[in-house]
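See below for the structure under consideration.
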Amino acid sequence: MHILLINLTRFGDLLQTQPLISAMHNQGHQVSLVCLDTFQGTTALLRDVHQVCALPGARLLARLDQHWSWALHDVLDWARQTLGSVPDRIINITPTLAARLLGRALGQGLDGGFGLDAHGFGQYSTPWAAFLQAASTYRGCSPFNLVDLFQRVAGYRPGSFALASPAPEWRDQARALLPDAPGYVAFQLGASQDYRRWPVSAFVEAGREIWQQSGHVPVLLGTAAEGLLGDEFSSLAEYPFVNLMGQTGLQLLAGVLSQMHMLLTNDTGTMHLAAGLGVPVVALFLATAQPFDTGPYLAGSISLEPDMPCHPCSFGQQCPYNLACREHIQPHKVGALIARYLTEQTWSVPDRLGARVWQARPDADGFMNLHQLGAQTKSERWQWIQIQRQAYRQFLDEQPMRFEPARPWSGSALAESAREDIRRAQGKLAVVTEQARVLSRGPQPVIQKKFLAHYQQLYDIFHSSQNLGVLGHLWHYQSQDAARSMDTFVSLCERYQDLCSFFEQSLTMA
């Protein structure tokens with residue numbers, strides 16, 4: 001079978017598609033990957049891709065500015081020239097309108113992921129797809145790593161993340177750039193947004209500890225556009241280091257990473273590249289970045305986030321604390337943490353690190369999870385995320401909701417807030433369900449008017465909740481899809497009642 005996979009995202013997200021590509025390839029399918037031409041070079045790092053179809057995004061946008069029909073003509077012409085034949089299956093894992101339109105133009109109906117129906121309304125192949133689109137908006141409702149979500153959206157179980165090994169010539173070039181030393185630790189100083197970047201001075205201080213305690217030399221990585229960060233590092237560091245910023249294309253970057261004993265990084269595409277190459281990672285998650293959904297997909301990797309009750313920030317809100325999280329994690333202790341691992345191959349979390357320390361470990365079903373190191377008690381956010389993982393795995397796979405008692409959880413403001421949101425949702429669900437049962441027996445205008453009002457109120461409860469917000473989008477999509485039959489709608493309401501009962505029992509036991 002020829003499968004066309006559409007992923008119109010950036011460097012890091014493209015790399016995180018690797019397990020899905022390999023899963024399809026291992027079943028004997030030929031996988032063609034549609035990506036933006038800007039990131040076509042990234043595909044050289046992927047395995048098991050039969051064909052790369054680079055979409056000329058900038059050119060199409062320019063044509064769209066001239067006239068939409070010209071852009072459509074160019075897309076269809078590109079498809080004929082690039083694909084040759086119509087694929088057997090199209091899977092789109094990019095939820096944007098442009099990607100949905102492209103999938104619709106290349107084939108009829110929805111084979112997997114995100115699509116459009118014949119009337120232009122959004123479609124989702126599974127509840128997992130609707131969940132993926134909604135979860136990233138709600139920082140407390142993103143319990144699954146994006147790599148796992150990509151695979152579940154397409155209907156596959158989680159698999160290993162292994163990118164193509166760098167060719168020998170790239171490894172040789174990398175070694176030629178490095179001085180003799182006991183070992184090397186790569187530093188990725190930049191980040192996608194400046195407010196999510198650890199200060200350069202902090203990297204300098206961590207590097208000093210690593211050099212003094214283990215003899216490993218820091219190697220600076222990054223683009224030419226980030227060169228000023230390298231200049232700042234150079235002005236502050238009085239110990240040996242290597243500055244390769246702006247000197248490595250993607251394949252040479254992979255070659256350099258293959259020579260590293262560790263990568264210390266912000267939440268970046270380089271982090272995902274290192275994870276896919278099996279290079280140990282210590283990643284910093286600041287401001288809106290959090291490790292539960294975008295952390296490195298590598299067992300044993302370490303993620304650090306500020307040990308602050310306000311972290312992670314919500315999107316679209318100005319920080320009331322002047323981004324204090326960027327200064328909260330103690331850099332010399334991060335350096336000591338890494339040096340100890342490099343010399344003794346063990347993680348020993350220092351006191352007063354200023355960070356929650358998470359280690360990635362796959363669970364019994366292969367989904368990547370995070371486990372807290374160094375703390376005597378688990379954070380309340382970790383407890384709530386574990387409850388969500390258990391609940392949503394069953395709910396999104398449309399399995400019967402089987403409750404398993406949660407680990408003990410002491411009194412918590414988060415737990416009480418979640419209980420209150422759940423009780424409000426349960427009360428409104430009961431009303432909506434009963435009114436839907438009445439309407440299933442025949443139209444009643446008065447009941448119908450009340451039903452629509454309560455339906456909207458239920459959506460508002462979900463949508464406005466920091467604990468259940470992801471259900472707002474899910475409820476909106478699934479209820480509209482189920483409304484073709486009031487009996488089907490009632491069954492969906494009962495399903496949501498089971499989910500809320502699961503949450504309530506978990507929080508009560510906790």
Restrict the check to the stretch 104-123 and report whether at least one residue is in contact with a Leu (Cβ under 6 Å, 6 or more places away or on another chain), closer than 18 Å to residue 393 by Cβ and not assigned by TED's automatic domain parsing to the domain that holds residue 291.
no
If we keep just the residues of the stretch 224-272 that are of a type in the set (S, T, N, Q) and not in a loop (DSSP other than H, G, I, E, B), which is nearest to residue 191 (Cα to Cα)?
266
Run down 487, 460 and say which single residue is assigned to a helix (DSSP H, G or I), surrounded by fewer than 19 Cβ atoms within 10 Å (Cβ to Cβ) and more than 28 Å from the chain's Cα centre (by Cα).
487
Residue 211 passes all but one of (1) touching a helix residue (DSSP H, G or I) at 6+ places or on another chain (Cβ under 6 Å); (2) free of Cβ contacts under 8 Å to residues at least 40 places away in the same chain; (3) within 18 Å of residue 337 (Cα to Cα); which number fails?
(1)
Hand me the list of helices (runs of 4 or more DSSP H) wholly inside the stretch 1-73 holding 2 or more residues that are within 20 Å of residue 87 (Cα to Cα) and within 19 Å of the chain's Cα centre (by Cα).
18-26
Pick from 344, 416, 380: which is farther than 20 Å from residue 478 by Cα and at pLDDT 95 or above?
344
Test result for residue 495, out of contact with any helix residue (DSSP H, G or I) (no Cβ under 9 Å at 6 or more places or on another chain) and either part of a loop (DSSP other than H, G, I, E, B) or in contact (Cβ under 8 Å) with a residue 60 or more places away in the chain (or both)
no
Does any residue in the stretch 1-24 that is in contact (Cβ under 8 Å) with a residue 12 or more places away in the chain come within less than 6 Å, Cβ to Cβ, of a residue that is of a type outside the set (A, V, I, L, M, F, W, C) and in a strand (DSSP E or B) six or more places away or on a different chain, and which pairs are these?
2/30; 3/89; 4/32; 6/92
Step by step: first the residues of the stretch 230-274, then only those that are among the β-branched types (Val, Ile, Thr) and within 30 Å of the chain's Cα centre (by Cα), then the one that is nearest to residue 146 (Cα to Cα). Which residue is that?
268
Might you let me know whether the stretch 52-65 holds any residue that is in contact (Cβ under 8 Å) with a residue 60 or more places away in the chain and within 22 Å of residue 150 (Cβ to Cβ)?
no
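The rows are residues; the columns are (1) under 31 Å from the mean Cα position of the chain (by Cα); (2) surrounded by 21 or more Cβ atoms within 10 Å (Cβ to Cβ); (3) modelled with pLDDT of 95 or more.
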| position | (1), (2), (3) |
| --- | --- |
| 422 | yes, yes, yes |
| 431 | no, no, yes |
| 434 | no, no, yes |
| 453 | no, no, yes |
| 466 | yes, no, no |
| 476 | yes, no, no |
| 482 | yes, no, no |
| 492 | yes, no, yes |
| 505 | yes, no, no |
Residue 191 passes all but one of (1) over 28 Å from residue 203 (Cα atoms); (2) out of contact with any Cys (no Cβ under 7 Å at 6 or more places or on another chain); which number fails?
(1)
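The values are calculated or read from the model by the stated rules, or taken from the named source; none is laboratory data. What you see is a predicted model; the values in this text were computed from it and never measured. Neighbour counts are summed over all protein chains in view; Cβ atoms, including those assigned to glycine, are modelled from backbone coordinates with ideal geometry.
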